[in-house]
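The values are calculated or read from the model by the stated rules, or taken from the named source; none is laboratory data. Values in this document were obtained by computation on a predicted structure and should not be read as measured data. Every residue, glycine as well, gets a Cβ built from its backbone with ideal geometry; the counts of neighbours run over all protein chains shown. Protein only, heavy atoms only, side chains kept; ligands, DNA and RNA dropped before computing areas. Shrake-Rupley method; radii C 1.70, N 1.55, O 1.52, S 1.80 Å.
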Amino acid sequence: MSGLLLTGAAGFLGRHLTAHFAGKTGRLVLSDLVVPDDLPDGVEWRQADLGDREAVLAMAQGVEAILHFGALSTEHSFEEILHANLRGTYHVFEAAREQRARVIFASSNHAIGYYERSQRLDVLDPPAPDGFYGLSKAYGELLARTYWMKHGVESACIRIGSALPAPRDARNLSSWFALPDLVAMIEACLRVPSLGCRLLWGVSDNRRGWWQGDDREGLSLPAFDDAERFAHELEKKVTDSPISERYQGGSFASDGYSRNEPAPPLPLKG
Ligand code: 15L
């Protein structure tokens, strides 16, 4: 890959990906609203707001792939999400269309956060976003599909669970995405000759996982990690919110919740 643009380079995952890809790819262009503390030598830096169309089109000049990790990464007001996540992702796909670049989009489990923890999903089950943030991720996944059908822009939308160095609580025993597994998935998506338009679960091979069945056929992925070895210390680490514990999205699902009684479980496709 001779030219890679990473948005959201100053965020936690952005810094991890920078450390991984610096020196391994011909050109590495990094972007964010704020300068990361530790910019490696040899990278190109573009300070930009993803809501600024011209800035996004300019930073993508000449790249072959865009790792789109820039966004508000938690729940915010609709207006804030509209600017950074909805407009920002649209600008990234416009840039990809211009450059004929592929996009690896950091989607999120919050696109399906209102499924219950007892339910087992595959990517054909309809989205059930647990807030404006989750909605913006479902929108990004649909945008990817539109740009594939209309313009042939290749993409992989990775519905990331909880990408952390190690799981932190009982929910993460199901949602954990070990960082080496995330990197391996991105590399496989960059490497595969024909990416097409894929929706992937960004989750390790957790024994307690909720998600299986996605578009990974033909990607050569290594064996993934399993959070189970952390179970003895974490399985009792739950919140005191019954709504958070009921839904896969956890605290995002209980944030701002105002129903008196929970809705019946959402039907699965089958
Ligand atoms: C996400 O999408 C968030 O960006 C991250 O901060 C975590 O909360 C993660 O989901 C999760 O659900 O654990």
Quiz item: Ignoring ligands, DNA and RNA, what percent of the 1.4 Å accessible area of the chain is carbon and sulfur?
Solution: 53 percent
Quiz item: Quick one: length gained pulling Lys269 to Val35 fully straight, 0.36 nm per residue minus the C-alpha distance?
Solution: 79.9 nm
Practice problem: Treat the chain as a sphere of radius equal to its Kirkwood radius over Cα pairs and apply Stokes-Einstein at 4 °C in a medium of 1.567 mPa s; give the translational diffusion coefficient in µm²/s, rounded to a whole number. | Solution: 69 µm²/s
Exercise. Please determine, in degrees from 0 to 90 and to the nearest 10, the orientation of helix 179-191 with respect to the longest principal axis defined by the Cα atoms of the chain, where the helix direction is its Cα long axis.
Key: 50 degrees
Quiz item: How many nm separate the modelled label positions at Ser118 and Glu79, each set 7 Å beyond the Cα in the direction of the Cβ?
Solution: 4.2 nm
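Based on DSSP H runs of at least 4 residues, each adding -39500 (n - 2.57), what is the mean residue ellipticity at 222 nm of the chain after dividing by all its residues, to the nearest 500 deg cm²/dmol?
Taken over the chain, the calculation gives -8500 deg cm²/dmol.
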Quiz prompt | Computed lengthening from Asp215 to Lys236, 0.36 nm per intervening residue step minus Cα-Cα distance | solution = 4.2 nm
Self-check item: Accessible solvent surface per residue of the chain, calculated while the other protein chains remain in place, 1.4 angstrom probe, Å²
Solution: 45 Å²
Self-check item: Spin-label model distance (nm) - Arg145 vs Lys24, 7 Å beyond Cα toward Cβ
Solution: 3.1 nm
Self-check item: Max mean-square fluctuation residue, GNM over the chain, Cα-Cα springs under 10 Å, options Gly23, Gly249, Gly196
Solution: Gly23
Quiz prompt | Angle in degrees between helix 88-99 and the longest Cα principal axis of the chain, rounded to the nearest 10 | solution = 40 degrees
Quiz item: Just how far, in whole angstrom, is region 57-105 from region 2-16 if you go by their alpha carbon centroids?
Solution: 12 Å
Exercise. Mind putting a number on the dipole of region 31-128 about its Cα centre? Charges go on the C-beta only, +1 for Lys and Arg and -1 for Asp and Glu, and I need it in Debye to the nearest 20.
Key: 420 debye
